[in-house]
Amino acid sequence: MMRMKSKIILGTAIGVLVAAGSVYAEATLKLFINGMGYAPETLDAKIEKGKVMISLDKVAEAFKTKALYDPSRNEIRVSLPDPANLSNQLTSLEDALCPENPEDALQTWVKGIQKRNGAMQYAVLSPELRAKTKAQFDQYYWVTGGSSPHMGEIYNLTTEHLSDTAIRYSFQYALVANYYHGEGSAVVTVEWFDREQAGERREGWYITSAQMADPDDTGLTVGVDPLDPVQPADTSIREE
């Protein structure tokens, strides 16, 4: 009788542990596709009897396509984006954004932050800065400057010619939000590239460094370092 009671108690304890484990696993379920995190509930993801259950409609929607059902043929058709075509499209867009002069690079970078568009910002970064920031852009789903207040108009723009192929811009910018107006400051260095570097061919003016007095004032602005509080003596030519 004692042995029977022990079995019942042990079996009950195991059942409780399994149930608790199932609840814990469901409560902490995480979903990653190509290394990027998704909220499981957005794709109706769940685990049933050890199998992954997920909504095909939701997956198709997440990848900007549709799952179509043809009742006459009893068929489901899903057309996922072709990576080669997407790559060609992206290359074409980046070519269109290729800066023709150093200030073009700066203004495109600023516009990317103002519009919270990480792809626009990334398009004018140097190969080294791209390699440094790519994972963070992916992590934040290519949103940058995603905060309130956000970056508004820039002003007090000054230009320093560091060399024939490098220019440093200093400027202030408005911080805009409901019932709030402030300002921030930044220093951005743009350099001429005409070589293959970091596995990419870059030709044109690209940003090699971006610093803000307070990188957090525009929220999750990718690829920005704190501004060095001590600047070296300026012996370069300045233009207003």
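The values are calculated or read from the model by the stated rules, or taken from the named source; none is laboratory data. What you see is a predicted model, and the numbers here were worked out from it, not measured in a lab. Methodologically, a virtual Cβ is constructed for each residue, glycine included, from the backbone with ideal geometry; neighbour enumeration extends over all protein chains shown. Surface areas here come from the heavy atoms of the whole protein model, side chains and all, with no ligands, DNA or RNA. Shrake-Rupley method; radii C 1.70, N 1.55, O 1.52, S 1.80 Å.
What the table shows:
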| item | result |
| --- | --- |
| Average projected area [Cα convex hull, region 106-146], square nanometres | 2.5 |
| Per residue accessible area in Å² of region 136-228, where ligands, DNA and RNA are left out and the probe is 1.4 Å | 50 |
| When each of Lys51/Lys134; Lys30/Lys115; Lys111/Lys134 is checked by Cα-Cα distance, pairs over 27 Å | Lys51/Lys134; Lys30/Lys115 |
| Carbon and sulfur %, accessible surface of region 78-187 computed with the full protein complex present, 1.4 Å | 50 |
| Vicinal HN-Hα couplings computed from phi for region 151-161 (Karplus, 6.51 cos²θ - 1.76 cosθ + 1.60; Hz; Gly/Pro x) | 6, x, 5, 9, 7, 6, 6, 10, 10, 10, 8 |
| Cα-centred dipole magnitude for region 101-144, charges only on beta-carbon of K, R (+1) and D, E (-1), debye, nearest 20 | 160 |
